[in-house]
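Undergrad: Pasting in a structure now, in structure tokens, and then I'll have a few things to ask.
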Amino acid sequence: MSTGREQDMVERVARRIAEEIVASAPEGWTRAVLASTAGRGGVSVSGDYTVPGAPGRHNLVPSPFGELTTLAEAVREIRGWASSSLEIACRPSGEYELVAFSDIITSLRGRGGGFQAVLDPGYRLPQPGVEQGEDTAAPAGDPEQAVARFRAYMERRAAILGRPEQLPPPASAAALDEAERRVGRPLPADLRALYAIADGDGLGIEHRYLLGGNAWLSLKHLVSVHADQRERPWYGWELAWDSVVFDADPSDTVRRCGGHPAWLPFASGEDGNYLAVDLAPARNGRPGQVIRIGRDYDEGPAYVADSITSLLGHHVDLLEQGAYETDDDYLSLLEPARGFGPRRIIGEIPATIPPDLQAIHINDAVGPVDLAPLTAAPNLRLLRLNRCATADLAPVRALPVESLHVTLDGGDLTPLEGHRDLTALDLGTTAPIDLAPLRTVPNLRGLDLSRADVRDLTVLADLRDLRYVALTARQWTVLLDEGKAPLTLAAARLADDDAPLDEALTWAARLGLNTADAFRTTGTLGTDGG
């Protein structure tokens with residue numbers, strides 16, 4: 001289409017979305033905001049209504065995924081952005097406004113609030129395991145056995161459902177060769193053998209969800225998801241304090257990484273999580289082992305099985321054990337509950353600290369929390385105090401904590417001086433605090449001070465290795481007016497819940513991003529042909 005036709009498309013779709021928002025509005029509302037990131041094969045939606053005097057917020061009822069996809073496609077034709085951040089604001093008068101920009105600026109509504117701007121899309125936080133040499137063990141999978149197990153699995157499913165399940169035709173050898181060329185590595189032999197039986201488990205938009213409730217991706221989709229994960233800005237650590245990556249299990253089978261080019265997603269939970277084959281395992285892993293990665297695994301992948309072959313054997317066993325349920329046309333395996341990530345504790349500090357503890361979330365403790373018992377966990381890497389505080393960080397000095405989310409009730413940052421492991425600090429305070437001790441923390445890369453009262457924000461200019469900073473709008477104004485923003489930032493966050501995208505664009509421009517080509521359109525429902 002021409003740009004003019006695309007402009008008309010944007011205006012029509014924006015109006016339809018605004019109509020949905022207004023039609024679903026609660027009584028007494030004064031403003032509504034829908035925020036979305038759309039493109040790169042997916043759409044996210046968040047937003048709320050403002051209702052004066054009503055407790056809390058009212059979530060937006062509409063989630064117009066299809067219309068937002070159309071909107072993003074039209075904006076891509078006009079501006080060339082592969083993925084767009086979109087914001088539609090509406091008022092009871094019928095007035096509405098669409099603002100769109102590249103997804104280098106994204107809304108964090110529902111994820112802490114505010115906006116994130118990516119200033120250096122090519123930067124990746126150094127992670128343990130990325131440079132680790134690949135294991136030389138032989139693959140555990142066997143293509144002939146995998147095929148036999150898959151056929152047995154499908155035959156058993158057919159007996160339970162009373163009919164065979166239709167699958168797509170097989171992928172050709174040429175298509176398999178091309179897929180391997182595009183991902184840059186050969187597929188595990190057992191996975192390649194399955195694609196020679198069927199090209200995934202989807203017919204049209206319908207999937208059979210054969211692999212433990214996950215949709216088996218077509219070969220084309222496998223390639224595109226792999227490419228998307230490699231190219232996605234800041235994949236694996238959208239927020240710097242989520243950058244810590246744990247040992248996936250005590251046997252050291254999976255690298256300590258948030259993402260790796262040798263992890264090939266082959267099945268999707270359609271919730272942002274994937275099953276992947278790992279072609280670059282850790283010291284005790286096997287090439288072709290199966291891991292879980294994605295949205296819920298930013299703190300490190302979860303080990304599933306040593307191969308596709310073993311995974312299929314497990315699925316057959318579940319059917320033989322009767323560990324399944326049927327619902328109309330579908331059969332679901334009943335997997336044991338799986339935890340996410342490393343050994344962790346959520347709640348109060350327990351009387352006995354497991355020595356292999358890697359992460360702890362301390363929630364809603366009464367009074368200042370004494371962190372001293374945690375020194376019994378010499379491998380503790382993540383420590384978060386949620387809705388509670390501590391007066392003394394001294395116990396952290398002796399621990400290899402990489403990610404620290406804490407509120408200080410008085411106290412100071414002196415115990416963190418020279419801490420060699422600390423990578424990300426999310427700090428809240430009950431009194432003004434001095435940032436000077438952070439000058440000696442050599443590996444500090446991410447810092448959130450949006451909950452802190454800081455005596456002198458210009459100290460940030462001395463933290464030469466910072467790559468991510470989160471501040472409120474007031475704090476950013478102070479820092480930018482002083483000309484003291486860190487020059488090495490790869491990303492930044494404007495931590496104001498109610499900031500509109502227009503305000504985020506102005507802020508990002510002060511950080512050096514060119515936001516002049518932001519796309520805008522306005523209208524009023526009931527006019528302009530509506």
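Undergrad: Exactly one condition in (1) touching a residue at least 60 places away in the same chain (Cβ under 8 Å); (2) in contact with a Phe, Trp or Tyr (Cβ under 7 Å, 6 or more places away or on another chain) is false for residue 70; which is it?
TA: Among (1) touching a residue at least 60 places away in the same chain (Cβ under 8 Å); (2) in contact with a Phe, Trp or Tyr (Cβ under 7 Å, 6 or more places away or on another chain), residue 70 violates only (2).
Undergrad: Here are some residues: 92, 62, 55. Which one is modelled with pLDDT under 90, open to solvent by 20 Å² or more (accessible area, probe 1.4 Å) and either within 23 Å of residue 271 (Cα to Cα) or not in a strand (DSSP E or B) (or both)? Step through it out loud before you land on a result.
TA: Values: 92 fails: modelled with pLDDT under 90; 62 fails: open to solvent by 20 Å² or more (accessible area, probe 1.4 Å).
On inspection, the qualifying residue turns out to be 55.
Undergrad: Please find, within region 144-181, the residue that is least open to solvent (accessible area, probe 1.4 Å) out of those that are in a helix (DSSP H, G or I), of a type in the set (Asp, Glu) and in contact with a helix residue (DSSP H, G or I) (Cβ under 9 Å, 6 or more places away or on another chain).
TA: Residues of region 144-181 that are in a helix (DSSP H, G or I), as a first pass: 144-161, 173-181.
Among the residues that remain, those that are also of a type in the set (Asp, Glu) are: 144, 155, 177-178, 180.
Narrowing further to those that are in contact with a helix residue (DSSP H, G or I) (Cβ under 9 Å, 6 or more places away or on another chain): 144, 178, 180.
Working: 144: 152, 178: 76, 180: 34 Å².
Ranking the qualifying residues of region 144-181, first place goes to 180.
Undergrad: Between a residue in region 294-315 that is over 24 Å from residue 195 (Cα atoms) and among the charged types (D, E, K, R) and any residue that is modelled with pLDDT of 95 or more and surrounded by 20 or more Cβ atoms within 10 Å (Cβ to Cβ), which pairs come within a Cβ distance under 9 Å, given they are 6 or more apart or on different chains?
TA: none
Undergrad: Here's a follow-up. Kindly indicate whether residue 395 is surrounded by fewer than 21 Cβ atoms within 10 Å (Cβ to Cβ), at pLDDT 95 or above, touching a helix residue (DSSP H, G or I) at 6+ places or on another chain (Cβ under 9 Å) and more than 21 Å from residue 493 (Cβ to Cβ).
TA: Values: surrounded by fewer than 21 Cβ atoms within 10 Å (Cβ to Cβ): yes; at pLDDT 95 or above: yes; touching a helix residue (DSSP H, G or I) at 6+ places or on another chain (Cβ under 9 Å): yes; more than 21 Å from residue 493 (Cβ to Cβ): yes.
The answer is yes for residue 395.
Undergrad: Every residue in region 77-89 that is among the charged types (D, E, K, R) and either under 23 Å from the mean Cα position of the chain (by Cα) or buried (at least 21 other Cβ atoms within 10 Å of the Cβ) (or both), please.
TA: Step one: of region 77-89, the residues among the charged types (D, E, K, R) are 77, 79, 87.
Hit for region 77-89 is 87, nothing else.
Undergrad: Something else about it: Checking the structure you have, find out if any residue of region 28-48 is out of contact with any Pro (no Cβ under 9 Å at 6 or more places or on another chain) and over 22 Å from residue 108 (Cα atoms).
TA: No; the residues of region 28-48 include none that is out of contact with any Pro (no Cβ under 9 Å at 6 or more places or on another chain) and over 22 Å from residue 108 (Cα atoms).
Undergrad: Within region 226-298, considering only strands (runs of 3 or more DSSP E) that don't extend past its boundaries, which have at least 1 residues that are modelled with pLDDT of 85 or more and closer than 23 Å to residue 420 by Cα?
TA: Numbers: elements: 263-268, 273-278, 289-294.
Those strands (runs of 3 or more DSSP E) do not exist here; none qualify.
Undergrad: Within region 95-110, how many residues turn out to be in a loop (DSSP other than H, G, I, E, B), open to solvent by less than 60 Å² (accessible area, probe 1.4 Å) and not basic (Lys, Arg)? Spell out how you get there, then give the answer.
TA: Step one: list which residues in region 95-110 are in a loop (DSSP other than H, G, I, E, B), which gives 103-104, 108-110.
Going one step further and asking which of them are open to solvent by less than 60 Å² (accessible area, probe 1.4 Å), we end up with 103-104, 108-109.
Retained after the next criterion (residues that are not basic (Lys, Arg)): 103-104, 108.
Looking only at that region, the number is 3.
Undergrad: Moving to a separate point now. On the given criteria, is residue 510 out of contact with any strand residue (DSSP E or B) (no Cβ under 9 Å at 6 or more places or on another chain) and within 22 Å of residue 425 (Cβ to Cβ)?
TA: On the way: out of contact with any strand residue (DSSP E or B) (no Cβ under 9 Å at 6 or more places or on another chain): yes; within 22 Å of residue 425 (Cβ to Cβ): no.
No, not satisfied.
Undergrad: For residues in region 418-436 being under 31 Å from the mean Cα position of the chain (by Cα) and surrounded by fewer than 20 Cβ atoms within 10 Å (Cβ to Cβ), which is nearest to residue 480 (Cα to Cα)?
TA: From region 418-436, those under 31 Å from the mean Cα position of the chain (by Cα) are 418-430, 435; that's our starting set.
Subsequent filtering for residues that are surrounded by fewer than 20 Cβ atoms within 10 Å (Cβ to Cβ) retains 418, 420-421, 428, 430.
Numbers: 418: 28, 420: 29, 421: 29, 428: 21, 430: 24 Å.
Only one residue tops the list, namely 428.
Undergrad: Just the residues that are of a type in the set (D, E, K, R) and open to solvent by less than 80 Å² (accessible area, probe 1.4 Å), please, taken from region 318-334. Explain how you work it out, then say what you get.
TA: At the first step, the residues of region 318-334 found to be of a type in the set (D, E, K, R) are 320, 325, 327-329.
Selection gives 329 alone.
Undergrad: Between 474, 493, 464, which is open to solvent by 10 Å² or more (accessible area, probe 1.4 Å) and touching a residue at least 40 places away in the same chain (Cβ under 8 Å)? Before the answer, list the steps.
TA: On the way: 474 fails: touching a residue at least 40 places away in the same chain (Cβ under 8 Å); 464 fails: touching a residue at least 40 places away in the same chain (Cβ under 8 Å).
It is 493.
Undergrad: Can you pull out every residue in region 2-32 that is β-branched (Val, Ile, Thr) and either open to solvent by 20 Å² or more (accessible area, probe 1.4 Å) or touching a Lys or Arg at 6+ places or on another chain (Cβ under 8 Å) (or both)? Explain how you work it out, then say what you get.
TA: Taking region 2-32 as the starting set, the residues that turn out to be β-branched (Val, Ile, Thr) are 3, 10, 13, 17, 21-22, 30.
Listed by number, the residues that qualify are 3, 22, 30.
The values are calculated or read from the model by the stated rules, or taken from the named source; none is laboratory data. Just so we're clear, the structure is a prediction, and the values are computed from it rather than from any experiment. Please note: Cβ atoms are built from the backbone with ideal geometry, for glycine as well, and neighbour counts cover all protein chains shown. Areas reflect the complete protein model, heavy atoms only, side chains present, ligands, DNA and RNA absent. Shrake-Rupley method; radii C 1.70, N 1.55, O 1.52, S 1.80 Å.
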